[in-house]
Amino acid sequence: MLNELGVTQVTIPLPFRLDHVHCFLAEGTHGWTIIDAGLNNQTSRDIWQPIIERHEIGDIILTHYHPDHFGYAGNLQQSTGAEVWMTKVDEIAGTTFWEPTTLDLLANQYESCGIQNDLALALSNDEGSFVPKVKPYPTVNHHLEEGMKLLFGKHEYEVIFTPGHSDGLITLYNKENSVLFSTDHILPRISPNISYWFQGISNPLESFFTSLKKIEKLNVDYVIPSHGKPFRNANKRIRELLDHHQERLHVAYENMKEPTTIQDACNILFRKLSVHESRFAIGETLAHLQYLYFKGQCRKYKKDGIWYFQSNV
């Protein structure tokens, strides 16, 4: 299908359990267009260098600000002179999240989740380790907006704003062929991480549900994700994702009859994680607790610097 669309998939290995990210290359309006970039590391450099030597890159589209999509964009832009496109909200996130002012707050934020000092420090250090993997930042020349049309390969795609996994995540939809570049919004084998970190959209899980239902209305046939293999029938996968999170919300709710820290709830929802994976687990746990709070199903309060959630029974 990618060949029929005039699109080349560029898979970049990642040093995590989620061990790859798919980027994409196709002819665009101003020469060739790249979608996403990988981490800023030698692996990405070795993969992209021969590609940019053979193609005149005019545009780089960044679907969101997470390091495996955003990290190498600055170097790609410097090497090619290409113009960079992404949503304004994720441009702001991507150019501020790994700055000292934000990183300095992380240890205190982790401690407010009920995490012990040594683990809180390890988690914040793990986040800080991504600084060299995302810099230099790209200069964003254009902001992607809902409904914008982009030529990519043989067809035109509509930009669809699908916040949840990040506040400014976009997907790309071609109605003619019922094709969706789902980026990290809909993945075939895992649920995209939906996290809250005391900033940005305060109920990201609700935003994710709304974004899934927006795509559900399109009844997309062919889905091209940023992780995993392309698959058919987007709506089937959307229902699976919605059901999965409802089950997780039920588990969280049933285990909050007594005041519960975010770390306590995380220990119920997730098991046996590395430090790197624990960051995502804590963020996703908090997103679920925030959802229950905004639905009026639990209360939250802060005591001695630690947040507690308790179900309304």
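The values are calculated or read from the model by the stated rules, or taken from the named source; none is laboratory data. Just so it is clear, the model here is predicted, and its values are computed rather than measured. Note: ideal-geometry Cβ built from the backbone for every residue, glycine included; neighbour counts use all protein chains shown. For the accessible areas, the whole protein counts, side chains as well, though only heavy atoms, and no ligand, DNA or RNA atoms are used. Shrake-Rupley method; radii C 1.70, N 1.55, O 1.52, S 1.80 Å.
Specify the residue that is nearest to the chain's Cα centre (by Cα); the eligible residues are those in the range 268-299 that are over 26 Å from P15 (Cβ atoms) and part of a helix (DSSP H, G or I).
Among residues in the range 268-299 that are over 26 Å from P15 (Cβ atoms) and part of a helix (DSSP H, G or I), the one nearest to the chain's Cα centre (by Cα) is H288.
Which numbered condition trips up L106, out of (1) free of Cβ contacts under 8 Å to residues at least 60 places away in the same chain; (2) farther than 25 Å from W197 by Cα?
(2)
Cβ-Cβ under 8 Å, sequence separation 6+ or interchain: first residue in the range 250-265 and in contact (Cβ under 8 Å) with a residue 24 or more places away in the chain, partner polar (S, T, N, Q) and crowded, with 21+ Cβ neighbours inside 10 Å. Which pairs?
Once the first residue is in contact (Cβ under 8 Å) with a residue 24 or more places away in the chain and sits in the range 250-265, its partners that are polar (S, T, N, Q) and crowded, with 21+ Cβ neighbours inside 10 Å give A252/T285; I262/T285; A265/T285.
Within the range 175-209, work out how many residues are under 16 Å from L5 (Cα atoms), surrounded by 21 or more Cβ atoms within 10 Å (Cβ to Cβ) and not hydrophobic (A, V, I, L, M, F, W, C).
1
Look through the range 243-267, keep the residues that are closer than 27 Å to D19 by Cβ and in contact with an Asp or Glu (Cβ under 9 Å, 6 or more places away or on another chain), and return whichever of them is most open to solvent (accessible area, probe 1.4 Å).
R248
State the number of residues belonging to the range 28-67 that are touching a strand residue (DSSP E or B) at 6+ places or on another chain (Cβ under 6 Å), of a type outside the set (A, V, I, L, M) and open to solvent by 20 Å² or more (accessible area, probe 1.4 Å).
Within the range 28-67, residues that are touching a strand residue (DSSP E or B) at 6+ places or on another chain (Cβ under 6 Å), of a type outside the set (A, V, I, L, M) and open to solvent by 20 Å² or more (accessible area, probe 1.4 Å) number 7.
Wholly within the range 131-229, which strands (runs of 3 or more DSSP E) include no fewer than the required count, namely at least 1 residues that are within 16 Å of the chain's Cα centre (by Cα) and within 30 Å of C298 (Cβ to Cβ)?
155-161
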